[in-house]
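Okay, structure first, notes after.
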Amino acid sequence: MKDNTLDIKAFLDKDEQKDLLRLLTAGSVDDGKSTLIGRLLFDSKKLYEDQLDALERDSKRLGNAGEHIDYALLLDGLKAEREQGITIDVAYRYFSTNNRKFIIADTPGHEQYTRNMITGGSTANLAIILVDARTGVITQTRRHTFLVSLLGIKHVVLAVNKMDLVDFSEDRFNEIVSEYKSFVDPLGIPDVQCIPLSALDGDNVVEKSSRTPWYKGESLLDFLETVEIDRDNNYTDFRFPVQYVLRPNLDFRGFCGKVASGVVRKGDKVVALPSGKESRVKSIVTYDGELEYAFPPQSITITLEDEIDVSRGEMLVHPDNLPMVDRNFEAMLVWMDEEPMDINKSFFIKQTTNTSRSRIDNINYKIDVNTMEHSQVKFLSLNEIANVVITTAKELFFDPYQKNKSCGAFILIDPITNNTSAVGMIIDRVEAKNLLSVDEMPTLNLKQLGISPEHYEAIETAVKELERQGIGINIVK
């Protein structure tokens, strides 16, 4: 009994040490995205008996795979998806092998669901782009690859599916790979792997197929288990956005948050932004005890040797490695609201734990995601993507998205509906042209209101808190 307990504990400890790979699948309608994931789960024996029984029943009643089991039904759970045989919403599936844990996002192929793909891919390490071996690289293949590069995903698998329908032709596979690589090279994606497979029959999905003796690479699962993603994290630039100030008693004051990037150690000198005040890390506290160092994506509490004023929305960084601090920046923006953009409207911008008022100063150009052509527009509609300039009411602390995803991403929130209007990826700061001025902020004239000086400090504290929430107020004494 004791030996069994030790075995279970050893198994759980080993399972806890596995790293996690987040991946998305994308491709045109009926390229076999959902079928591929279903087959991956089935062949790796990650389905329970009741799931298999339900899958066999549903395949006979609702399936689109003839006499075969329709593995797509494992992912396409919405009624509308099953009726049409397409993916509409993002579906997530979790499974693990002996070597790694996986979270798969099955994203829609339609252009009208671009925002769904952006959502599913925002946290992904790897993307599987499916193409039909009969049709090859098409417009949607290019569109999805562009979106993957926009999201900063560094690993791409071009899965040439339905090879059984072209008699597993090596020439056809090479033709598709050549065309795809000529398109993807200028996008700067560093790791592209091309695999021929048949999702329906399972060729090269989990095991190497005897029907492709000319293919010398790995099966899809073997590649997913071994692709190196540790270097994708930014361990150079320490960024710690403060989420919460923890004060359980008079003897403890810590700053809680998630390490966005970089590494922090006990004794490190840090500077708080925007105040510029310096201190040293006294301790790094977690639920399980103190740490000597921390790295992304750990959630920690940092205590400092000095009592300095740091609040939610501010950031701790190393003094010799500062982020950009500015109110004007260029970004790629994906419009996600059903309501078209109103260029004259102000929005709340949320970037890390920081919130501010903002406006879209200029739309430099819109990108046609099908042709990659640039065009001039006055506003954006749902799913459209553009290069824009944004101005904020207070300074943000950021890095370019391609360098540091956590500190280069943001969302725009409609202040009236509270909807997420857009998501954005910061490219770089731009020269200030027309910042939101103090004159545009509401003014609070304390003297005219008859407020006595002894209350000024309390009012200034309240106004400072409003500014942290993105509401600027100009005080006149």
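Could you please let me know if PHE168 is farther than 18 Å from MET372 by Cβ, in contact (Cβ under 8 Å) with a residue 12 or more places away in the chain, in a loop (DSSP other than H, G, I, E, B) and aromatic (Phe, Trp, Tyr)?
Values: farther than 18 Å from MET372 by Cβ: yes; in contact (Cβ under 8 Å) with a residue 12 or more places away in the chain: yes; in a loop (DSSP other than H, G, I, E, B): yes; aromatic (Phe, Trp, Tyr): yes.
So PHE168 fits the description; yes.
Those residues that are farther than 19 Å from SER358 by Cα and part of a strand (DSSP E or B), I need them from the range 374-412; list them, please.
Residues satisfying the conditions are HIS374, SER375.
Look at the range 171-202 and say how many of its residues are farther than 19 Å from LEU147 by Cβ, assigned to a helix (DSSP H, G or I) and charged (D, E, K, R).
Total satisfying the criteria: 3.
Restricting the search to the range 167-191, which residues are aliphatic (A, V, I, L, M) and at pLDDT 95 or above?
Listed by number, the residues that qualify are ILE176, VAL177.
Looking only at the range 279-301, decide whether some residue is among the small types (Gly, Ala, Ser), more than 21 Å from TYR235 (Cβ to Cβ), part of a loop (DSSP other than H, G, I, E, B) and in contact (Cβ under 8 Å) with a residue 24 or more places away in the chain.
Within the range 279-301, not a single residue is among the small types (Gly, Ala, Ser), more than 21 Å from TYR235 (Cβ to Cβ), part of a loop (DSSP other than H, G, I, E, B) and in contact (Cβ under 8 Å) with a residue 24 or more places away in the chain.
Return the residues of the range 242-260 that are part of a loop (DSSP other than H, G, I, E, B) and either touching a residue at least 24 places away in the same chain (Cβ under 8 Å) or surrounded by 14 or more Cβ atoms within 10 Å (Cβ to Cβ) (or both); say none if nothing qualifies.
Correct list: VAL242, GLN243, VAL259, ALA260.
Out of (1) surrounded by fewer than 20 Cβ atoms within 10 Å (Cβ to Cβ); (2) in contact (Cβ under 8 Å) with a residue 24 or more places away in the chain, what's the single condition that is false for HIS374?
(2)
State which residue is surrounded by the fewest Cβ atoms within 10 Å (Cβ to Cβ) when the search covers only the range 413-428 and only residues that are in a loop (DSSP other than H, G, I, E, B) and of a type in the set (Val, Ile, Thr).
ILE416
From ARG231, ARG265, ARG239, which residue is within 23 Å of GLN402 (Cα to Cα) and free of Cβ contacts under 8 Å to residues at least 60 places away in the same chain?
ARG231
Looking only at the range 120-157, count how many residues are surrounded by 19 or more Cβ atoms within 10 Å (Cβ to Cβ), at pLDDT below 90 and of a type in the set (Val, Ile, Thr).
Qualifying residue count, the range 120-157: 1.
Which of the residues belonging to the range 268-278 are closer than 17 Å to TYR235 by Cβ and at pLDDT below 95?
none
Kindly provide the set of residues from the range 268-278 that are without any contact (Cβ under 8 Å) to a residue 60 or more places away in the chain and in contact with a Lys or Arg (Cβ under 9 Å, 6 or more places away or on another chain), ordered by number.
ASP268, LYS269, VAL270, VAL271, GLU278
Is at least one residue of the range 261-270 among the acidic types (Asp, Glu), closer than 30 Å to PHE168 by Cβ and in a loop (DSSP other than H, G, I, E, B)?
No; the residues of the range 261-270 include none that is among the acidic types (Asp, Glu), closer than 30 Å to PHE168 by Cβ and in a loop (DSSP other than H, G, I, E, B).
Within the range 312-323, does at least one residue satisfy the condition of being under 30 Å from ILE367 (Cβ atoms) and modelled with pLDDT of 95 or more?
Yes, there is a match, as at least one residue in the range 312-323 is under 30 Å from ILE367 (Cβ atoms) and modelled with pLDDT of 95 or more.
Among THR145, THR123, which is the only one that is of a type in the set (S, T, N, Q), in the same structural domain as SER34 (by TED's automatic domain parsing), within 19 Å of LEU24 (Cβ to Cβ) and not in a helix (DSSP H, G or I)?
Just one listed residue meets the conditions, THR123.
The values are calculated or read from the model by the stated rules, or taken from the named source; none is laboratory data. Just so you know, these numbers come straight off a predicted model, no measurement behind them. Backbone-built Cβ (ideal geometry, glycine too); neighbour counts: all protein chains shown.
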